[in-house]
1. Out of these labelled values of semi-axes √(5λ) of the Cα gyration tensor in Å, [x] 21, 19, 12; [y] 22, 16, 11; [z] 44, 13, 11, which was calculated from the coordinates shown here?
2. Which lysines does Lys53 reach when only Cα atoms under 18 Å apart count, and residues fewer than 8 places away in its own chain are ignored?
3. Identify the chymotrypsin sites (Phe, Trp or Tyr not before Pro) of the chain meeting these criteria: DSSP loop state and at most 14 other C-beta atoms within 10 Å of the C-beta.
4. Could you tell me the center-to-center distance, by alpha carbons, between the stretch 37-83 and the stretch 5-21 in angstrom?
5. At 222 nm, what helix-only mean residue ellipticity would the chain give, in deg cm²/dmol to the nearest 500, using -39500 (n - 2.57) for each DSSP H run of four or more?
6. Loop only per DSSP, at most 10 neighbouring Cβ atoms within 10 Å: give me the GluC sites (Glu not before Pro) in the stretch 4-99, ordered by residue number.
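What follows is calculated from the coordinates using simple rules that are stated; it is not laboratory data. In this text, all values refer to a predicted model and were calculated from it rather than measured experimentally. Cβ sites come from the backbone with ideal geometry, for glycine too, and all protein chains shown count toward neighbours.
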Amino acid sequence: MEFANLNDLKEFQLNLSEEVVTRKNSDGSIILMKMDDGDIFYKMEGVSSEIYKRLEAGKSLFDVSNEILDEYDVSEETLVADLSKLMNALTKVGLISSN
């Protein structure tokens, strides 16, 4: 999936897999592991862990993106490119899916 701009995120429906165990560490990082495949681990730190926490709380990717733009010194172009990479990585290993 490639997002060209924030408007692309309005229609994006993200599904967090129910087969994923999430561990939130004291350093703010998050470890994701698929319950049916113990070989799949994914560690998120920094802004990516903030994004995941907000998605897990039920916020849309569009809303989370706007919050990140307000809170961090990042351009829309950079954020959209980074979100594309993160969503592709999580989808590739089956930790999320999209409609």
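1. Entry [y].
2. Lys24, Lys34, Lys43, Lys85
3. Tyr72
4. 11 Å
5. On the way: 4 runs with 43 residues, N = 99.
So the calculated ellipticity at 222 nm is -13000 deg cm²/dmol.
6. Answer in residue order: Glu11, Glu18.
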